[in-house]
Each structure stands twice: as C-alpha cells, then as structure tokens.
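K.L.:
Handing you this structure, nothing more for now.
The values are calculated or read from the model by the stated rules, or taken from the named source; none is laboratory data. No experiment lies behind these values; they were computed from the predicted model shown. Here Cβ is always computed from backbone atoms with ideal geometry, including for glycine, and neighbour counts include all displayed protein chains.
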C-alpha cells in the first residue's frame, strides 16, 4: 500500500531531524513524505535538502511565508500535493516507531479513519535522544527512557504493549476515538469529501473539528492508539491562546450538532486558484 505522509512543522529543525531519521527506517517503505511547513526559516529548508540528498526518501517541501498560525492552510496544500490515495498525518516533533507506517497501512479500511496517540516525553529526555538512539530503536525502550528522565506512569503501556495487548487496549480504552493531527490517517477521497481542514481555525482542536466533519460524512473512527506509536518531543507552546481554544471548541460543537460535513474554507479554494492560474 502506497502512503503519503504529511508532517507539519514550524521552525523546529532539530526536532524535525530526529523525526525524519525515524521515517528513514520504517518497516513499511512504500511512502512519500510531504513536509507541511508553516513558514519556517532557511535552517529547516537546508535540513530537508540534506535529507533529500543523503537518503533515498521521497520528500516534498510544501512551504508558505510566515503569517502567524496557518497550519490548516499548509496542511490543505500538502494534501493537494500528495500523490497517493491514503494519507498519514503527524507532526515534526513526533518520532515514529519502526512499525508506525506498517500499522497505518495494515489497519486502513474503506469508510474509516484511524486515530492514534502519542507518548509525551519531558524536555530532558527529548534532548537526550540521538540519531543512533533512533536508528537502533533504543528511544522506544522503556528502561532506556526511564534512565533518561521519563517518569513512571500507566501511560507507558503504549510503549510496552505487544500485538495482542494493543488490540485489546484499543477496544477497551475509554478515550474517545477522535482524529489527531499528530497521529491519524484517512483516505484522500474522504479528506476531499469534507474539503480538508478549516483554515479559519487557529491552534486548538482544529484536527478534532476535521474529524467531526468526517464522522458527519459517514466516515467511522478506528483506534490505533496502542499499536501506532510515536514519541512526542517536548517544546514550548507560546502560541496557545485560551480564548481561541474556547472559540474553536464552540465551533466544533456547533459543527457536530448541525451535522456539517464540508467547510467553506478548505481545499477547494486552493484548487480554484490553481485552476484559474492565480
């Protein structure tokens, strides 16, 4: 199965480098990467150029100039650039385990989207991870992570669950199965059906709103929470605005209640511009 992997990023080249090393050793190798870059500077561009030159991965760099938080806009442009029928979404601060893409490819079903999760690391652990730790898979070993500052938690089960445990935990988890931009996947035709992400939304639940419209359109969610594993590198979140988060939540609830499937501010406007040559 051919996959298009959309990775969002913004001025975090050190983290993005670690993430790309994770994709370089995936057991499922039939994929392309589209970097959805929300206005990063030259250091990120140079990093991507090095990976294109020094690895065999197929990487597209979809970029627009920095004009504040426009993640939804660049994600829509990345979806347009994707050449395969199935799209996996993640972030430039989430290192994928070696079997990450294999799980998404094997679990994909018509009429469904997949919802994963992430295992959040503290800053001290995030900084400690090296290229070798990623290539050897050491950074997913719970004992090693604890030696580098990860606290004991029931959430660590995400890292230790075997195949059968992961299937059981995915069935039993009380966590609602919502779309997550850090670890989710869907058919491109279904993404186009709902017109992609709503570009009027800034940070705070914009991925969940997208998932609500998928469900309204009849696309069913499916958990891969315990078997599609990524570790989340820590970072500051100075862009978070509580008022915007609250407004986004209310918008999402309104979309859910009204059964809305398509946003008027999505992919189609880019297709129209492309068609007219603007």
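K.L.:
Determine which member of the set 102, 65 is closer than 30 Å to residue 267 by Cβ and without any contact (Cβ under 8 Å) to a residue 60 or more places away in the chain.
P.N.:
The unique qualifying residue is 65.
K.L.:
With the checklist (1) modelled with pLDDT of 95 or more; (2) within 24 Å of residue 7 (Cβ to Cβ); (3) surrounded by fewer than 18 Cβ atoms within 10 Å (Cβ to Cβ) in hand, flag the one item residue 200 doesn't pass.
P.N.:
Of the numbered conditions (1) modelled with pLDDT of 95 or more; (2) within 24 Å of residue 7 (Cβ to Cβ); (3) surrounded by fewer than 18 Cβ atoms within 10 Å (Cβ to Cβ), the odd one out for residue 200 is (1).
K.L.:
For segment 72-172, please list each of the helices (runs of 4 or more DSSP H) lying entirely inside it that holds at least 3 residues being modelled with pLDDT of 95 or more.
P.N.:
Of the helices (runs of 4 or more DSSP H) lying wholly inside segment 72-172, those with at least 3 residues that are modelled with pLDDT of 95 or more span 100-107, 123-128, 131-135, 142-147.
K.L.:
Then there's this: Of the residues that make up segment 179-187, is at least one more than 21 Å from the chain's Cα centre (by Cα) and either surrounded by 14 or more Cβ atoms within 10 Å (Cβ to Cβ) or closer than 25 Å to residue 216 by Cα (or both)?
P.N.:
Checked against the condition, which is being more than 21 Å from the chain's Cα centre (by Cα) and either surrounded by 14 or more Cβ atoms within 10 Å (Cβ to Cβ) or closer than 25 Å to residue 216 by Cα (or both), segment 179-187 yields no hits at all.
K.L.:
Going by the structure shown, is residue 36 within 18 Å of residue 182 (Cβ to Cβ), in contact with a strand residue (DSSP E or B) (Cβ under 6 Å, 6 or more places away or on another chain), modelled with pLDDT of 95 or more and in a strand (DSSP E or B)?
P.N.:
yes
K.L.:
Still on this structure, I have one more. When you go through 29, 46 one by one, which is the residue that is in contact with a helix residue (DSSP H, G or I) (Cβ under 9 Å, 6 or more places away or on another chain), under 25 Å from residue 132 (Cα atoms), assigned to a loop (DSSP other than H, G, I, E, B) and free of Cβ contacts under 8 Å to residues at least 60 places away in the same chain?
P.N.:
Result: 29 is the single residue among 29, 46 that is in contact with a helix residue (DSSP H, G or I) (Cβ under 9 Å, 6 or more places away or on another chain), under 25 Å from residue 132 (Cα atoms), assigned to a loop (DSSP other than H, G, I, E, B) and free of Cβ contacts under 8 Å to residues at least 60 places away in the same chain.
K.L.:
Pick from 109, 75: which is closer than 30 Å to residue 267 by Cβ, surrounded by fewer than 17 Cβ atoms within 10 Å (Cβ to Cβ) and touching a residue at least 40 places away in the same chain (Cβ under 8 Å)?
P.N.:
109
K.L.:
Just to verify a result, which residue in segment 49-71, among those that are part of a strand (DSSP E or B) and in contact with a helix residue (DSSP H, G or I) (Cβ under 6 Å, 6 or more places away or on another chain), is farthest from residue 33 (Cα to Cα)?
P.N.:
The qualifying residue farthest from residue 33 (Cα to Cα) is 62.
K.L.:
Looking at (1) out of contact with any strand residue (DSSP E or B) (no Cβ under 8 Å at 6 or more places or on another chain); (2) in a loop (DSSP other than H, G, I, E, B); (3) under 15 Å from residue 230 (Cβ atoms), find the lone condition where residue 180 falls short.
P.N.:
Of (1) out of contact with any strand residue (DSSP E or B) (no Cβ under 8 Å at 6 or more places or on another chain); (2) in a loop (DSSP other than H, G, I, E, B); (3) under 15 Å from residue 230 (Cβ atoms), only one is false for residue 180: (1).
K.L.:
Let me ask something else. Consider residue 264 against the criteria (1) surrounded by 13 or more Cβ atoms within 10 Å (Cβ to Cβ); (2) modelled with pLDDT of 90 or more; (3) more than 19 Å from the chain's Cα centre (by Cα): it satisfies all of them except one. Which criterion is unmet?
P.N.:
Condition not satisfied by residue 264: (1).
K.L.:
For segment 179-186, does any single residue satisfy the condition of being farther than 28 Å from residue 122 by Cα and touching a residue at least 40 places away in the same chain (Cβ under 8 Å)?
P.N.:
The answer is yes, given that some residue of segment 179-186 is farther than 28 Å from residue 122 by Cα and touching a residue at least 40 places away in the same chain (Cβ under 8 Å).
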